[in-house]
Amino acid sequence: MHTPEGFTPSHVSPATLPEDTLAFAFRETKLLVGGPDAAPVVPTLARIESMRISGSVQYLGDLDGTACVALALPDDAAEPDDWRYAGLRSLFFRLPEALLAIAARAFQIVEWDRTHRYCGRCGTPTADKPGERAKECPACGYVAFPRVTPAMMVLVTRGREVLLARAPRFPPGMFSALAGFVEPGETIEDCIRREVREEVGIEVSNITYFASQSWAFPHSLMIAYTAQYAGGELKPDENEIAEARWFAWDAVPDLPPSISISRRLIEATVARLGKDATLLE
Ligand SMILES: [Zn+2]
């Protein structure tokens with residue numbers, strides 16, 4: 001997911017929020033939506049107020065002139081008639097893409113709002129820091145910003161083959177590129193070399209940026225690359241990888257859904273390999 005066209009992010013709320021402000025209200029990890037299952041709608045702030053539910057508000061910005069806020073509802077917030085709480089993944093391909101992207105952004109802000117009510121250093125209740133998306137401790141001055149966790153994804157190629165792997169949690173038959181979280185002290189390139197070595201036992205070179213994607217489960221920035229095989233025997237780590245294999249560019253197995261960057265990375269790469277006559281089989 002990414003910043004939708006027409007959306008201007010801001011943490012500075014207008015003095016009064018208009019009645020038609022869109023409210024992305026989360027109870028625990030689920031978003032309050034109405035309308036039919038196939039075409040869910042996001043309530044306005046006025047509608048939420050009429051339902052007599054409320055929570056901590058964070059301003060998100062403006063989508064084509066309509067203000068958008070995130071609301072952290074209490075865990076025991078009521079479920080009003082004709083409305084329901086839905087997991088974000090269940091809204092993929094149902095909620096319009098721009099609203100889904102803002103909902104994913106709201107989800108991360110709400111998670112941060114909810115988990116930074118107290119100072120992590122001294123335990124004093126925090127307050128929103130004026131002028132910034134931050135929580136500040138009035139006692140010790142500690143400032144906490146929303147957390148974004150960088151992770152890498154890499155598709156390793158060897159001639160016209162790509163290396164795909166299955167995590168034990170994947171649906172049967174589905175393969176994807178390798179991925180892992182960046183550790184303190186690492187560059188992304190360090191992380192790629194380490195994860196590839198740990199997960200499948202090989203070395204890579206020519207690490208090349210592909211694209212990135214915000215992923216709200218719970219607060220990742222997935223940064224995708226390709227790399228070339230540079231040596232070693234495939235030896236999958238049994239804890240993280242159920243199976244890892246080389247696939248010919250024109251014979252890839254089931255892939256993750258098209259909303260994920262892994263699908264785009266794999267499809268773009270096999271298309272490139274297929275066209276490249278200089279590569280040996
Ligand atoms: Zn403190």
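The values are calculated or read from the model by the stated rules, or taken from the named source; none is laboratory data. Just so we're clear, the structure is a prediction, and the values are computed from it rather than from any experiment. When we count neighbours, we look across all protein chains shown, and the Cβ atoms used for this are built from the backbone with ideal geometry, even at glycine. All accessible areas refer to the heavy atoms of the entire protein, side chains included, with ligands and DNA or RNA removed. Shrake-Rupley method; radii C 1.70, N 1.55, O 1.52, S 1.80 Å.
In a loop (DSSP other than H, G, I, E, B), closer than 30 Å to V12 by Cα and within 21 Å of the chain's Cα centre (by Cα): does that describe P168? Answer is no for this residue. Taking the conditions (1) assigned to a helix (DSSP H, G or I); (2) acidic (D, E); (3) under 14 Å from P4 (Cα atoms) in turn, D62 satisfies each one other than (1).
Sub-6 Å Cβ pairs linking a first residue in the stretch 121-140 that is more than 24 Å from A70 (Cα to Cα) to a second residue that is within 8 Å of the ligand (Cβ to nearest atom) and of a type outside the set (A, V, I, L, M, F, W, C), at least 6 apart or interchain, are R121/Y142; A139/T124; C140/R121, ordered by first then second residue.
Counting the residues of the stretch 11-34 that are under 25 Å from the mean Cα position of the chain (by Cα) and either surrounded by 12 or more Cβ atoms within 10 Å (Cβ to Cβ) or within 17 Å of A216 (Cβ to Cβ) (or both) gives 16.
Would you please name the residue that is nearest to F175 (Cα to Cα), looking only at residues in the stretch 259-281 that are part of a loop (DSSP other than H, G, I, E, B) and open to solvent by less than 50 Å² (accessible area, probe 1.4 Å)? Step by step, filter the stretch 259-281, then rank; the result is S260.
Number of residues in the stretch 212-248 that are of a type in the set (G, A, S) and either closer than 18 Å to G173 by Cα or outside any strand (DSSP E or B) (or both) equals 5. How about the stretch 220-239: which of its residues are open to solvent by less than 50 Å² (accessible area, probe 1.4 Å) and under 17 Å from F210 (Cβ atoms)? The answer is S220, M222, I223, A224, Y225, T226, A227. The residue that is least open to solvent (accessible area, probe 1.4 Å), among those in the stretch 93-118 that are within 16 Å of the ligand (Cβ to nearest atom) and not in a helix (DSSP H, G or I), is H116. Of the residues making up the stretch 130-153, those that are within 25 Å of the chain's Cα centre (by Cα) and away from the ligand (no atom under 12 Å from the Cβ) are E132, R133, A134, F145, P146, R147, V148, T149, P150, A151, M152, M153. Selection of first residues in the stretch 1-17 that are more than 13 Å from T66 (Cα to Cα) and of second residues that are of a type in the set (K, R) and open to solvent by 60 Å² or more (accessible area, probe 1.4 Å), restricted to Cβ pairs under 9 Å at least 6 apart or on distinct chains, gives the following pairs, ordered by first then second residue: M1/R105; T3/R105. Residues in the stretch 119-129 that are more than 7 Å from the ligand (Cβ to nearest atom) and open to solvent by 60 Å² or more (accessible area, probe 1.4 Å) were compared, and the one that is farthest from H219 (Cα to Cα) is P125.
Listed here are the residues, each with its yes/no results for (1) closer than 16 Å to I261 by Cα; (2) among the aromatic types (F, W, Y); (3) open to solvent by 40 Å² or more (accessible area, probe 1.4 Å).
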| position | (1), (2), (3) |
| --- | --- |
| K135 | no, no, no |
| A139 | no, no, yes |
| Y142 | no, yes, yes |
| P150 | yes, no, yes |
| L155 | yes, no, no |
| F175 | yes, yes, no |
| E183 | no, no, yes |
